[in-house]
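Undergrad: Please read through the structure below; I'll follow up with questions.
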Amino acid sequence: MSEWAPKRFWKETKAGEVDGGYTVFLDSRTLRTPAKAALTLPTRALAEALAVEWEAQGEQIEPAKMPMTRTANSAIDKVVPQRADVADMLAAYGDSDLTCYRADQPADLVARQAEGWDPLLDWADEALGARLAPRTGIMHQPQDPMALAALAAEVHALDHFRLAAFHDLVALSGSLVIGLAVAKEHLDPETGWRLSRIDEDYQAELWGEDEEAAEHAAIKRQAFLDAALFFRLVDQI
């Protein structure tokens, strides 16, 4: 027995202005979130990106093919009711940031991590006032509380739309520093993703690439790029 899937019920899709922002019209109906809240967006560019996703739907609606819509829904339904908690959770990545956890051998991996991640730590220090220190070994070593507070302030300054996208930038990369560098356009998204994969790429070069792992990584990469695009569209008038 096949699972039920919602079917396309509209003919015309367009972005338009509403009270408080922009939305997507499906014929005369406006979009709502899964929790039935009005899906009101901050910029026309973001509304147009959602409209493209809805217009591309065939006879059956496939939510998995609508990443912009999914993030907008999350911003309204999930982030708004617990914005401070979400920000705290993401800020906590700073105390165990991927860019700080270093190998002590082999030498070529140590060098590759330093080459990729040291400039990011320098940037965080210079641009954000947050100096994080590299660590080796498996035991957790806390970072400077003042540095963590500076990073947390950056996260808490994000509104709910940006925070929803930022969640994916951080969670998918494992790095608050990389997430901030992409959000602030210090890194382009492709470079940010590549820098988050130094360890995995090294292991694949050493032992060969596992097909299933590569497929999973490709899905995560696309989600990371989608999150970066959503973040940009929130800022685009």
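The values are calculated or read from the model by the stated rules, or taken from the named source; none is laboratory data. From a predicted model like this one, the values you see are computed outputs, not experimental measurements. Please note: Cβ atoms are built from the backbone with ideal geometry, for glycine as well, and neighbour counts cover all protein chains shown.
Undergrad: Of all residues in the range 50-71, count the ones that are buried (at least 22 other Cβ atoms within 10 Å of the Cβ) and either under 23 Å from Ala153 (Cα atoms) or more than 16 Å from the chain's Cα centre (by Cα) (or both).
TA: Here the count works out to 3.
Undergrad: Any idea how many residues of the range 167-210 are of a type in the set (Phe, Trp, Tyr) and in contact with an Asp or Glu (Cβ under 9 Å, 6 or more places away or on another chain)? Before the answer, list the steps.
TA: Filtering the range 167-210 down to residues of a type in the set (Phe, Trp, Tyr) leaves 193, 202, 207.
Checking which are in contact with an Asp or Glu (Cβ under 9 Å, 6 or more places away or on another chain) leaves us with 202.
Count: 1.
Undergrad: Go through the range 116-134 and count every residue that is assigned to a loop (DSSP other than H, G, I, E, B), under 22 Å from Tyr202 (Cβ atoms) and not hydrophobic (A, V, I, L, M, F, W, C).
TA: So the count comes out to 1.
Undergrad: Among the residues that make up the range 119-136, is at least one of them in contact with a Ser or Thr (Cβ under 8 Å, 6 or more places away or on another chain), in contact (Cβ under 8 Å) with a residue 60 or more places away in the chain and either of a type in the set (D, E, K, R) or closer than 28 Å to Leu41 by Cα (or both)?
TA: The answer is no, given that none of the residues of the range 119-136 is in contact with a Ser or Thr (Cβ under 8 Å, 6 or more places away or on another chain), in contact (Cβ under 8 Å) with a residue 60 or more places away in the chain and either of a type in the set (D, E, K, R) or closer than 28 Å to Leu41 by Cα (or both).
Undergrad: With the structure loaded, tell me whether Asp168 is without any contact (Cβ under 8 Å) to a residue 12 or more places away in the chain and either touching a helix residue (DSSP H, G or I) at 6+ places or on another chain (Cβ under 7 Å) or closer than 14 Å to Ala227 by Cβ (or both) or whether it fails that test.
TA: Working: without any contact (Cβ under 8 Å) to a residue 12 or more places away in the chain: no; either touching a helix residue (DSSP H, G or I) at 6+ places or on another chain (Cβ under 7 Å) or closer than 14 Å to Ala227 by Cβ (or both): yes.
Against the criterion (without any contact (Cβ under 8 Å) to a residue 12 or more places away in the chain and either touching a helix residue (DSSP H, G or I) at 6+ places or on another chain (Cβ under 7 Å) or closer than 14 Å to Ala227 by Cβ (or both)), Asp168 does not qualify.
Undergrad: Turning to a different aspect of this structure: Residue under question is Glu154, and the condition is that it be acidic (Asp, Glu) and closer than 23 Å to Pro106 by Cα; does it hold? Spell out how you get there, then give the answer.
TA: Values: acidic (Asp, Glu): yes; closer than 23 Å to Pro106 by Cα: no.
In short, no.
Undergrad: I've got another one for you. Can you find even one residue in the range 131-151 that is within 23 Å of Ala72 (Cβ to Cβ) and polar (S, T, N, Q)?
TA: Quick first cut of the range 131-151, residues within 23 Å of Ala72 (Cβ to Cβ) only: none.
For the range 131-151, residues within 23 Å of Ala72 (Cβ to Cβ) and polar (S, T, N, Q): absent.
Undergrad: Further, regarding this structure: Listed residues Ala153, Ala157, Ala111, Ala130; which is surrounded by 16 or more Cβ atoms within 10 Å (Cβ to Cβ) and modelled with pLDDT of 95 or more? Reasoning before the result, please.
TA: On the way: Ala153 fails: surrounded by 16 or more Cβ atoms within 10 Å (Cβ to Cβ); Ala157 fails: surrounded by 16 or more Cβ atoms within 10 Å (Cβ to Cβ); Ala111 fails: surrounded by 16 or more Cβ atoms within 10 Å (Cβ to Cβ).
Answer to the selection: Ala130.
Here's the yes/no breakdown for (1) in contact with a Phe, Trp or Tyr (Cβ under 9 Å, 6 or more places away or on another chain); (2) among the β-branched types (Val, Ile, Thr); (3) in a helix (DSSP H, G or I); (4) surrounded by 14 or more Cβ atoms within 10 Å (Cβ to Cβ):
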| site | (1), (2), (3), (4) |
| --- | --- |
| Val182 | yes, yes, yes, yes |
| Gly192 | yes, no, yes, yes |
| Ala204 | no, no, yes, yes |
| Ala218 | no, no, yes, no |
| Asp226 | no, no, yes, yes |
| Val234 | yes, yes, yes, yes |
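Undergrad: Another question, then. Quick check on Ala150: is it in contact with a helix residue (DSSP H, G or I) (Cβ under 8 Å, 6 or more places away or on another chain), in a helix (DSSP H, G or I) and free of Cβ contacts under 8 Å to residues at least 24 places away in the same chain?
TA: Against the criterion (in contact with a helix residue (DSSP H, G or I) (Cβ under 8 Å, 6 or more places away or on another chain), in a helix (DSSP H, G or I) and free of Cβ contacts under 8 Å to residues at least 24 places away in the same chain), Ala150 qualifies.
Undergrad: Counting only residues that are assigned to a loop (DSSP other than H, G, I, E, B) and touching an Asp or Glu at 6+ places or on another chain (Cβ under 7 Å), how many does the range 25-82 have?
TA: 6
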